[in-house]
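The block underneath contains the structure these notes are about, expressed in structure tokens.
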Amino acid sequence: MEKLFKTVSFMSATLVMILLASIFISLFNSAKPAIEEFGFGFIAGKEWGVEVPIENPVSTVVATTAEKKVEVKPAENDNSLESMLGGGNDDIPMRTIFGGFIPIVGTLLSTLIAMAFALPIAMGIAVFLAEIAPKQISNVVGIAIELLAAIPSIIFGMWGLFYFAPIVQSFVGGYQVSLLTAGLVLGVMILPFMAAITRDSMRTTPDVLKESAYALGATKFEVIKDIIFPYSKAGIIGSVILALGRALGETMAVAFLIGSVFSLPSSINSPTVSIPVAMANSFGEATGMKTSALFYLAFLLFIISFAVISIAKFYFLRKDK
Amino acid sequence: MRLLLNKIVLLLSTVSALIGLAFLAWILFTLVGKGLSSLHFSLFLNDLIDGGLRNLIVGQFIMAGIASLIGIPLGMMAGIYLQEYGSGRYVRLIRDLSDIMMSAPSIVIGAFVYAIVVVPMHGTSGIAGSIALSIMMIPIVINTTDNMLSLVPRELREAGIALGASKYRVILDIIIKAAKVGIMTGLLLSFARIIGETAPLLFTSETSNYFSVDLTEAYPSLTVSIYALANDPTSSSRDLAWAASFILTMMVLMINLLGRYITRKKG
Amino acid sequence: MPIMSIEDFSFTYASAPARSLSNINLPIQKNCITSLIGPSGCGKSTLLRSLNRMHDLYPNNEYEGKLMLLNQENNEMENILDIKRENEFIELRQRVGMIFQKPTPFPMSIFDNVAYGLRISGIKNKTELKDRVEDALKGSALFGEVSDRMNKSAMGLSGGQQQRLCIARAVALKPELLLFDEPTSALDPISTAAIEELIVELKKDISIAIVTHNMQQASRISDYTAFMYLGDLVEYGETEQIFLNPREKKTEDYITGRFG
């Protein structure tokens, strides 16, 4: 019995490794056709679902996408009518090419906006909770912040689309669904998470250290700046990177707001797409090479977030020593 | 000057906290306002095909429940291994991998389950949705179990062994019991986490308008339907989406508060 | 007559570069109290924890020599270092009980705490369980204080009561040898006095080895005393002799408080 119990527990632990390896392998396998077809150039490829003649893949780009919204670039307008009617020149063998540049850029930019918005506020909240508020208030506000973190991301998305975006739009103009509104809602979503774990890092500062600084006549701000921040620096940076990782992979809060349009945003308040949103909206009806290209995106997202989380966990948040 | 700077910083930080709370209040007011006005008792009696939410709520719970049945034992056993049996490098490796898996994008988990379950089964299904949720859950349960067992004093283990109990008895009878409150809270929080998930279900379970107990076909999901309803242009669909969001959020927050309450009361 | 005889015993921790105990020879006399004293780090707890093979909970610790335990059935001495199988370990630990520095009540009721060892050793009969639990609690001078709240959690007891509960839990299994690892170091003086009284009472039925850093405690309760220093056994003898008339200079220095 003892042996059996031990074996089962060992196998359960090993399952984590097997699962992670299977995720890696199966994503890679499913992405393989796209990887073979497009190679590393996929990362820089700006066309998504565009048919091109096989002989000359770059010059005569003819547009139509499999997306709900047809994106036609102005430069290609003269060809587009013909291509829509005739489906391209029948004599020339065509292939559809996929490039990940737009969703990759969309992911990075929306995350950047989210971080720029959330970081200062989250730091303020963390300082407030860890150092300023009296214990009772800190507890109550702390729970409220943690509850905010527990709200499903789809709720953030809906609230963002119907209530938050119109207000943002009234200030900055542009579209309601845009890189900016998506990034801001994403920021609101990671805000409580970032604040809560940053607060936990700050709280690891030993009281003796703080007290000895106060005993020298330091103000609260000086204690925060000179004692708490330097002491918990690694933990704070780690927390911020974890929040970054969460923002990179977030789907639902962004899906309502980014617009799901495969075009580079001409300005901060125009729509685009991110990797998770591309997957969320296109996976269901995709077939063939398109599915594979989406898996390629998923694979890239997995690698990116793997790297980001690893840096946070192993470089900054080492638990043991 | 120093004192002024101090005041300014403290004020800014307090303002940040107020901003955070304002967002919480704003979202909750929106939910309650929109949700309550669309909420009607008949929503709990009818399925989506008849304009209700019954099948979606039940479906979401069933998938999260099955995910728990898979994820909790596996996660707890793995946590037990990390804390009680394993040692050295291997434990550190698994702990690190589990931490990484916990933060993996949920949509990627969905894609993975699509590749290994949906494709071979030739279609979306409740099983696929449950598996995706269980994969989300396992690392959270591991983390909780691992942390909570680490708080149990070593002497308690030795005292059990010194009475002649075998190790697995000591673990099941004494150590798990000693860590019970913390583990229970962690399990509730992990359940709250997965029941509100949308992304891993989008192309694994999809959703369905009908009540279903057949887990081999597309399965009703509250969250996936919220996404579909909210994107629907008709206002009645949107109202239904708000009502569903209200119910979903209340479920998640209630389970969360329940977990905290247990800790506060017993801990 | 010794219930246990430690012969040329050495012990090395997995993580340590050198032996923590070397060539210890020491008898534990039957129905007597043997105390192990010495400055912290001298190996007294390490030795005690060897006597029920507690070190086997952690991998790669190394025993050398012999630990001979009296088999009461055929009056022969058996080496407990030969034990390898799980069920033999279980049997050993039921014969050689242990009480720890800090009280270790299990997170269950008072009754279930004392019954725990009995239940896992296979006693299922309710009246037998009840009788043995009550006997053990009476034998540990705790019954009067807890008889009206047997089903309440053991966590609600005071520190001294918890420690007596742990003694009752060990005694319920009727061990032949009971090992105490600084059992009163976490307790107040009144609880300490109660535990000391109890230990003296117990030696009628059970042989006892106790590690203590409190020399007064050793002189008050023990029949034999062993003084250890840096992993060696410096001196062993009747308690009176060790405290009044030590043969070794080191022992005298320690007892008179010159170091340690």
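Every number here is computed from the coordinates shown, using simple stated rules; none is lab data. Values in this document were obtained by computation on a predicted structure and should not be read as measured data.
Scattering from the range B:98-201 was approximated by placing one identical point on each alpha carbon and applying the Debye formula without solvent; log10 I(q)/I(0) at 0.10, 0.19 1/Å stands at -0.40, -0.88.
Rank B:LEU31, B:LEU257, B:LEU163 by mean-square fluctuation in a GNM of chain B with C-alpha springs under 10 angstrom and give only the top-ranked residue. In this elastic network of chain B, the residue with the biggest mean-square fluctuation among B:LEU31, B:LEU257, B:LEU163 is B:LEU163.
How big, in percent, is the set of alpha carbon pairs in chain B lying more than 25 Å apart? Considering chain B, 56 percent of its Cα-Cα pairs are separated by more than 25 Å. Taken over the range A:101-316, lysine pairs spaced eight or more positions apart, or on distinct chains, with alpha carbons under 26 Å apart number 11. Taking a straight Cα-Cα cut-off under 24 Å and skipping sequence neighbours fewer than 8 places away in the same chain, the lysines within cross-link reach of C:LYS152 are B:LYS177, B:LYS180, B:LYS265, B:LYS266, C:LYS102, C:LYS124, C:LYS126, C:LYS130, C:LYS138. Scattering from the C-alpha atoms of the range A:154-207 alone, worked out with Debye: what is log10 I(q)/I(0) at q = 0.14, 0.18, 0.28 1/Å? Summing over Cα pairs of the range A:154-207 leads to -0.47, -0.61, -1.02.
Most mobile of A:VAL223, A:VAL254, A:VAL168 per a Gaussian network model of chain A (Cα springs, under 10 Å)? Largest GNM mean-square fluctuation: A:VAL223.
Note on the range A:251-321 and the range C:142-200: Cα centroid distance 60 Å, given to the nearest whole angstrom. Taking the Kirkwood radius as Rh and the Cα radius of gyration as Rg, chain C has a ratio of Rg/Rh equal to 0.97.
Using the alpha carbons alone, the radius of gyration of the protein assembly as shown stands to its Kirkwood radius in an Rg to Rh ratio of 1.08. Cross-link partners of C:LYS250 among aspartates and glutamates, defined as those whose alpha carbon lies under 14 angstrom from its own and excluding same-chain residues fewer than eight positions apart: C:ASP232, C:GLU235. Within a straight-line Cα-Cα reach of under 12 Å, C:LYS204 can be paired with the following aspartates and glutamates, leaving aside sequence neighbours fewer than 8 residues apart in one chain: C:GLU176. The separation of the range A:112-132 from the range B:80-123, counted between C-alpha centres, amounts to 31 Å.
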